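Here's a structure for you.
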Amino acid sequence: MKEISVLDKTFKRFKNVEEINTSIKVIAEKINKDYEGKTPLFLGVLNGCFLFAADLLREITLDCEVSFVKVASYKGMKSTGEVNQLIGLDRSLEDRDVIIIEDIVDTGNTIENIVELLTKAGCNSIKIATFLLKPEAYKKSIKVDYVAMEIANKFVVGYGLDYDGFGRNVKELYVLKD
Ligand code: IMP
């Protein structure tokens, strides 16, 4: 479909399944080379990563483990700001080579926070694989190691990404119509 409606908004098709698959194969090949002889732990960040993680991992030929986390934010007792916590971690990350799987890196706030939280867990190394990166919006200095696609600073849905909870199951990527 060329256009879809998600809630009150209209989105137009932006990337088809073939373009998505090709971009993922490119980074999977890089990861397979970079981690030769290692046993990385892929850590998907839910909810948005579920389709990307499934497609990326199908192309990974390394011995590896796969786990998923969610970022939960709550108001700290004394702190004025929000405190974030990773929930669902089911194994020790000590000395592990961790590859975070994200759906999208926008300003970088979320990924910076996740890396901070993981750094405390004593990983041997931490790298980031993301389906999408918005370079114009990205404001952090952390290197985003594996990027399937760079996109303009526009709102997208589909392929795991949502608009207010909807659109995640759409198999292609759509961009908000101006
Ligand atoms: P950041 O912390 O600004 O990098 O934003 C990361 C989070 O914002 C992602 O994990 C998404 O949940 C959400 N997000 C940012 N841009 C988009 C978009 O274009 N579509 C859907 N969600 C987005």
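Mind listing whichever residues of the stretch 99-145 are near the ligand (Cβ under 7 Å from one of its atoms) and acidic (Asp, Glu)?
Glu102, Asp103, Asp106
Taking the condition over 11 Å from the mean Cα position of the chain (by Cα) and under 30 Å from Phe14 (Cα atoms), does Ile142 pass?
Against the criterion (over 11 Å from the mean Cα position of the chain (by Cα) and under 30 Å from Phe14 (Cα atoms)), Ile142 qualifies.
Yes/no per residue for (1) under 23 Å from Lys30 (Cβ atoms); (2) out of contact with any helix residue (DSSP H, G or I) (no Cβ under 7 Å at 6 or more places or on another chain); (3) aliphatic (A, V, I, L, M):
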position	(1), (2), (3)
Leu117	no, yes, yes
Asp164	no, yes, no
Leu173	yes, no, yes
Asp178	no, yes, no
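From the list Val83, Val157, Val170, Val175, pick out the single residue that is out of contact with any Leu (no Cβ under 6 Å at 6 or more places or on another chain) and either modelled with pLDDT under 95 or basic (Lys, Arg) (or both).
Val83
Here's something else I'd like to know. I'd like to know if the stretch 82-95 contains one or more residues that are in contact (Cβ under 8 Å) with a residue 24 or more places away in the chain, farther than 17 Å from Phe42 by Cβ, loosely packed, with under 15 Cβ neighbours inside 10 Å and not aliphatic (A, V, I, L, M).
Yes, the stretch 82-95 has at least one match.
Tell me yes or no: at least one residue of the stretch 122-145 is within 30 Å of Met1 (Cα to Cα), touching a helix residue (DSSP H, G or I) at 6+ places or on another chain (Cβ under 6 Å), in contact (Cβ under 8 Å) with a residue 24 or more places away in the chain and not aliphatic (A, V, I, L, M).
Yes: the stretch 122-145 contains one or more residues that are within 30 Å of Met1 (Cα to Cα), touching a helix residue (DSSP H, G or I) at 6+ places or on another chain (Cβ under 6 Å), in contact (Cβ under 8 Å) with a residue 24 or more places away in the chain and not aliphatic (A, V, I, L, M).
Tell me, which strands (runs of 3 or more DSSP E) wholly within the stretch 67-178 include 2 or more residues that are of a type in the set (D, E, K, R) and touching a Phe, Trp or Tyr at 6+ places or on another chain (Cβ under 8 Å)?
97-105
Hey, any hits in the stretch 23-35 for a residue that's part of a strand (DSSP E or B) and either modelled with pLDDT of 95 or more or in contact with a Phe, Trp or Tyr (Cβ under 9 Å, 6 or more places away or on another chain) (or both)?
No, that holds for no residue.
Would you mention how many residues in the stretch 36-56 are within 19 Å of Leu133 (Cα to Cα) and not small (Gly, Ala, Ser)?
The number of residues fulfilling the criteria is 11.
The values are calculated or read from the model by the stated rules, or taken from the named source; none is laboratory data. Bear in mind the structure is a predicted one, so any value in this text is a computation, not a measurement. Every residue, glycine as well, gets a Cβ built from its backbone with ideal geometry; the counts of neighbours run over all protein chains shown.
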